[in-house]
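This report concerns only the one structure given below.
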Amino acid sequence: MQRLMTADKDMLAAIKDSEDHPTDVAKALEALKVVTARSASNPFQKKVEKMLSRTFEEAKQSGDRKQLELLRDKASKKISEAAAELLKSTDRLPKCLASGDWAGVCALAAEFQSTGCHAFAKDARQHLRDRIDELQTLKAESAALVVYELFTAAKQNGIDELAELLIEKLGASLPAGWATMTADSTSVRKELVTDQEVLDRIQSMVDHTFRTWGSVSVTRDRRGRSMASNLKVEEVLHVDNADNYLRYAAKRQKIRKDLENKALSGTEILPPASSAPASGKSPHIKTHEISLKGLVFHPEEPIDFDLQESWLWHGTRKEGVEGITSSDFDIKRAGSAAGTMFGRGLYFAESCMKSDEYTVADERGWYPLILCRVTCGRFFYCDWKRPFDHTDQLEDACHHKGFHCVLGDREKVSGTYREYIVFDNDQVYPEYIVWYSK
């Protein structure tokens, strides 16, 4: 009897000691040991289990690995397994850091935060902030792909403040003319252009490309609508879309590497306007003749001629403008407006006269064109009379054979216009909305 009373005193003393030190795992484990030794069905068992759960939560929040290791090794099965699982997750962090798996670090930061492991989450986020500081030392072009991957991982894992910090600190990976971005940086901004020099330059590009370089100006896609004599730019909006731009910059970097591995040759390349013959009958991309360099949004030349990047037109309607510039081109809707002569891709033209065929007026009587930056990369030149009989071949060339863009030369075949078709919306950045009247 005396031994029982002594055991009960020891048990109660161990329980009280644990209660007095709620964050001390060793004392909670000692209480568990004493209670279990007294009886497996001891009525104090549940009380001790609750104390262990509390110490586990405290260890999670404080990030105390030693306490977690004690719980893994000596606690009851449920808590032991939970501690073991958490420790496995924390062990992944140094592995992700060592391998440069920043998407993995983002995922762990989100996981730790959602499970109440605040200290571990804070540690992971600090590593991410340190990485952002490192990226600031890279050149914009070199950083673009890394920034986009980290930006995407942060957004996917719900770490919006990290995505915003990326845009705020890494403005060099975005166009130089964009305004400094702050808390709402990951949203889309459409700025009404009031700078007369920008408006004049875009009107010049409209005037210069409102023509055909062939012999036929009207195609069946005009569907009987009359041809205007000229287009007057009424309003221009500049689109700032950080998500789209970073994806575009990342894709451009991938195309650059493709071209470094295998140089352009033959019909894969069109010489820029600066090397065009004086006769004007040259194969260069016609929009290259009007540069937007030096304007408020483009202090430097925005077009990389080595990648056959170009300003190209896309005609649409009001709803299309909103969808394309607020999110992106939807490759699934390819051909919904005018068919898929060259495959299920995104269609652009160097002639706004061609793109005008697909526009629909809004309530003001104005028509919308989107002026896009398109990285064409390696051309698959197509002068076939019936390309619609070979669309699978054209798509396969860009998806699997190392080409990036189909150049449909209807100017040569039928005297109308050349069309540029890409099959990846990341190759396109819709930068200007141009509203015009006829």
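Side notes on the structure shown:
- Residues located in region 298-309, provided they are under 21 Å from the mean Cα position of the chain (by Cα) and surrounded by 18 or more Cβ atoms within 10 Å (Cβ to Cβ): PRO302, ILE303, LEU307, GLU309
- The condition of being at pLDDT 85 or above and open to solvent by 30 Å² or more (accessible area, probe 1.4 Å) holds for only one of ASP243, ASP200, ASP184, that being ASP200.
- For LYS354, the conditions (1) open to solvent by less than 20 Å² (accessible area, probe 1.4 Å); (2) under 26 Å from the mean Cα position of the chain (by Cα) are fulfilled apart from (2).
- For beta carbons closer than 8 Å, sequence separation of 6+ or different chains, a first residue in region 298-326 that is touching a residue at least 24 places away in the same chain (Cβ under 8 Å) and of a type in the set (Asp, Glu) and a second that is open to solvent by 10 Å² or more (accessible area, probe 1.4 Å) and assigned to a loop (DSSP other than H, G, I, E, B), the qualifying pairs are GLU300/ALA176; GLU300/LYS293; GLU309/ILE303.
- Within region 50-76, the set of residues being crowded, with 21+ Cβ neighbours inside 10 Å and hydroxyl-bearing (Ser, Thr, Tyr) comprises just one member, THR55.
- Test: GLY365 is on the phi > 0 side of the Ramachandran plot and open to solvent by 20 Å² or more (accessible area, probe 1.4 Å): yes
- Within region 194-222, the residues that satisfy the criterion of being assigned to a loop (DSSP other than H, G, I, E, B) and out of contact with any Asp or Glu (no Cβ under 8 Å at 6 or more places or on another chain) are THR194, ASP195, ARG211, SER215, VAL216, SER217, VAL218.
- Identity of the residue in region 268-297, of a type in the set (S, T, N, Q) and open to solvent by 30 Å² or more (accessible area, probe 1.4 Å), that ends up modelled with the lowest pLDDT: SER279
- Leading residue by the ranking (nearest to HIS288 (Cα to Cα)) among those in region 187-197 that are among the acidic types (Asp, Glu) and at pLDDT 95 or above: GLU197
- Residues (of a type in the set (A, V, I, L, M, F, W, C) and surrounded by 14 or more Cβ atoms within 10 Å (Cβ to Cβ)) located in region 81-100: ALA82, ALA83, ALA84, LEU86, LEU87, LEU93, CYS96, LEU97
- Extreme residue, farthest from the chain's Cα centre (by Cα), among residues of region 392-438 that are open to solvent by less than 30 Å² (accessible area, probe 1.4 Å) and of a type in the set (Ser, Thr, Tyr): THR416
The values are calculated or read from the model by the stated rules, or taken from the named source; none is laboratory data. All of these numbers come straight from a predicted model, not from anything done at the bench. Virtual Cβ from ideal backbone geometry, glycine too; neighbours counted across all protein chains shown. The accessibility values were calculated without ligands, DNA or RNA, using every heavy atom of the protein model including side chains. Shrake-Rupley method; radii C 1.70, N 1.55, O 1.52, S 1.80 Å.
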